[in-house]
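Quick note: the coordinates plus some simple rules give every number you see, no bench work behind them. Only a predicted model underlies this, so the values are computations on that prediction, with no experimental measurement involved. Methodologically, a virtual Cβ is constructed for each residue, glycine included, from the backbone with ideal geometry; neighbour enumeration extends over all protein chains shown.
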Amino acid sequence: MVGSPQSPDHANGAAVQPFLLRTDFPVRRDDLATLVEARGAGRRIVETIERLPDLAYGEPGEVLEAIKALDGGASPTLLAEDEGPAR
């Protein structure tokens, strides 16, 4: 669809972003998918989160970068599995 806010196979970052508000980061992909679903996100948004790499996301921007990467954009910068948030 021309001008569609979503790609054919997943939600875009603008659709996901409101569900990231008030999220305690870092958060693992599966935990984030469960959280956005509990917040009322539609199936398309939950499935988009589930398609992201299974890593810890340190901030909302990293989630949005990972969503862009689904479209062949730049790879996201993510926390290593044993890293916590920068303090």
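The C-beta contact set for the stretch 18-46 (first residue charged (D, E, K, R), second residue buried (at least 19 other Cβ atoms within 10 Å of the Cβ) and in a loop (DSSP other than H, G, I, E, B), distance under 9 angstrom, 6+ apart or interchain) comprises Arg29/Leu52; Arg44/His10; Arg44/Ala11. Scanning the stretch 37-57 for residues that are buried (at least 19 other Cβ atoms within 10 Å of the Cβ) and either more than 13 Å from His10 (Cβ to Cβ) or touching a Cys at 6+ places or on another chain (Cβ under 6 Å) (or both) yields a total of 2. For the stretch 38-56, the candidate set comprises residues that are within 16 Å of Pro18 (Cβ to Cβ), hydrophobic (A, V, I, L, M, F, W, C) and outside any loop (DSSP other than H, G, I, E, B); within that set, the residue that is farthest from the chain's Cα centre (by Cα) is Ala38.
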